[in-house]
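So the structure is just underneath, and the comments pick up after that.
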Amino acid sequence: MKKIIVLLLLIVSIGSLFSSILAQDAKKDIKLEEGEELQELSIRSRGLQRVGNTFESIWLIDNQTVIVPFKGTLEMDIQHRFGTINNGYDDLWGFYAPSNIRIGFGYVPINNLMLGFGLTKERMLWDFNAKYALLNEKKGSPISLSYFVNVAVDTRKSITFANKADRYSYFHQLMVAKKLTRDFSLQTSVNLSHFNVVEAIEESDGSKSGLMKNDHISLSLLGRYKISDATAFIANYDQPITKHPKNNPNPNLSIGFEIATPLHSFQVFVGNYKWMVPQYSNVFNSNDYKESQFLIGFNITRLIDTKFESLSEMLFKRKKKK
C-alpha cells in the first residue's frame, strides 16, 4: 500500500510538471484580450545540455555523472530530500517530516574541469569538490571517463570534536559511462569514502575499537532512458562493498523522472538516501528499501553560460518604456 501511495504522489508531481509545460505551449494559441501583452523571452547560450550528451545534468539522483559543462559555465544546484514515507498520513508521507536540503554552486574555469562547493542542512556540512573529464564520447572516445573528488567539513558548533581534523571527510569517484543508443545511457563507478574519525567503543582493557572502518568502498550503477527530447526515466543503485564490524550501511535504490532544457534540469524521484554529500550517503544510509523505507526527493540544476549571458543584465535590466 505504501509503495502505491509513493507512486501516486510521484505521478501527481510529474503530472503537475507536464501541465506547466503544456500551459507554455498552449499560450501560442491564446487570443489576447484588450490591454494584454504577450512577452517573448530569448536565451543567449551555447548548447550546454541536450546536444548529444551522455546525460542531461551533472547529477543523476544521488550521484554525479561524467558530464562537465563547457568552459565558462556557472551552475546552481538545489537538492531536497523529504522524510521517509513510513509514517503515512501523520506527516503526509514524509512531506512534513524533517527534511534535508543542499544548495551548491559550480564553475568551469578551464575545459573539462569543474570546481564547486555547497552547504547541506544536516550537520551543516560544507563540501568543496572538483570533477575532471578524462575522456568524452562527443570527442571521439568510445566511452566517457570522469574523476570526482570532494572534501566535506562538519561545522556544527553544538558538537565537540577532539581534533579539528575529525570534522573532515573525503570522497573519490571514478565514473565510466556510455551512450548505448540514442535514448539509453548507462554509467558505473567505483567510490571510496574516508572519514578521519569514526564512532568507537572502549574495550575492557581500555583500548578503543571502531564500530566502522575509516575507509569504505562502494559501487554505483545509474541509467537514463529518454522518452522525448526533454523527458527521461532515470534510475540509480548504490551497493556497499566494505564490511564493517557494526552499523553496515544499506544499499540505495532510486527511480525517478527528469525534465531537461538547454539550461535547466529537474529531477523528481523516490529513493533511500537522505544525504546529498556522497560519503555520508554511502557510509551512513540506514534506510532499507526492502522495508519500503523510501523518501521523495528532487534536484534542480540551473546553468548560466557566462560567455553569452550577462549576469548584470539578468539582475538589473529593465524593459524599455513605450
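Bear in mind these aren't lab numbers, they're just calculated from the coordinates by the rules spelled out. Just so we're clear, the structure is a prediction, and the values are computed from it rather than from any experiment. For neighbour counting, all protein chains shown are included, and Cβ atoms are generated from backbone atoms with ideal geometry for every residue, glycine included.
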Completion exercise
Set LYS139/LYS179; LYS179/LYS226; LYS131/LYS157; LYS164/LYS246; LYS121/LYS157, cut-off 20 Å on Cα-Cα distance; pairs above it are LYS131/LYS157; LYS164/LYS246
Practice task
Arrange the peptides 91-101, 153-163, 246-256 so that the one whose residues have, on average, the most other Cβ atoms within 10 Å appears first.
Solution key: 246-256, 91-101, 153-163
Handout entry: Estimated dipole of region 155-199 in Debye, rounded to 20 [Cβ of Lys and Arg +1, of Asp and Glu -1, Cα centre]
Key = 200
Problem - Rotationally averaged projected area of region 109-152 (alpha carbon convex hull; nm²) - result: 3.7
Fill in the blank from the handout: Relative contact order as a percentage, region 136-253, C-alpha pairs under 8 Å and 6+ apart, gives 18
Practice task
Give me D for region 204-297 in µm² s⁻¹, whole number, from Stokes-Einstein with Rh from the Kirkwood sum over alpha-carbon pairs, 37 °C and 0.692 mPa s.
Solution key: 218
Practice task
Count charges around ILE159 for me, please; just the other residues with Cβ under 13 Å from its Cβ, Lys/Arg as +1, Asp/Glu as -1.
Solution key: +1
Problem - Mean Cβ neighbour count within 10 Å, used as a protection proxy, ranking 235-244, 194-203 highest first - result: 235-244, 194-203
Problem - Principal axis dimensions, largest first and in whole angstrom, of region 245-322 by Cα - result: 69, 24, 18
Problem - Separation between Cα centres of region 66-125 and region 153-209, rounded to whole Å - result: 17
Completion exercise
Along region 259-273, Karplus-curve 3J(HN,Hα) (6.51, -1.76, 1.60; θ = phi - 60°) to the nearest Hz, with x for Gly and Pro, reads 10, 9, 10, x, 10, 10, 9, 10, 10, 10, 7, 10, x, 9, 6
Fill in the blank from the handout: For region 128-187, averaging the sequence separation of alpha carbon pairs under 8 Å that lie six or more residues apart and dividing by its residue count, the contact order in percent is 31
Exercise for the section: Rank-order 54-62, 105-113 by packing density, defined as the average count of other C-beta atoms within 10 Å over each peptide's residues, highest first. Expected result: 54-62, 105-113
Handout entry: Only Lys, Arg (+1) and Asp, Glu (-1) charged, at Cβ; region 194-283 dipole about Cα centre in debye
Key = 240
Problem - ALA165/MET76 FRET efficiency (R0 30 Å; Cβ-Cβ; nearest 0.05) - result: 0.50
Handout entry: region 96-102 - phi-based ³J(HN,Hα) in whole Hz, Karplus 6.51/-1.76/1.60, Gly and Pro as x
Key = 9, 7, x, 10, 10, 9, 10
Problem - Projected-area average for region 138-290 over all orientations - Cα convex hull basis, square nanometres - result: 12.1
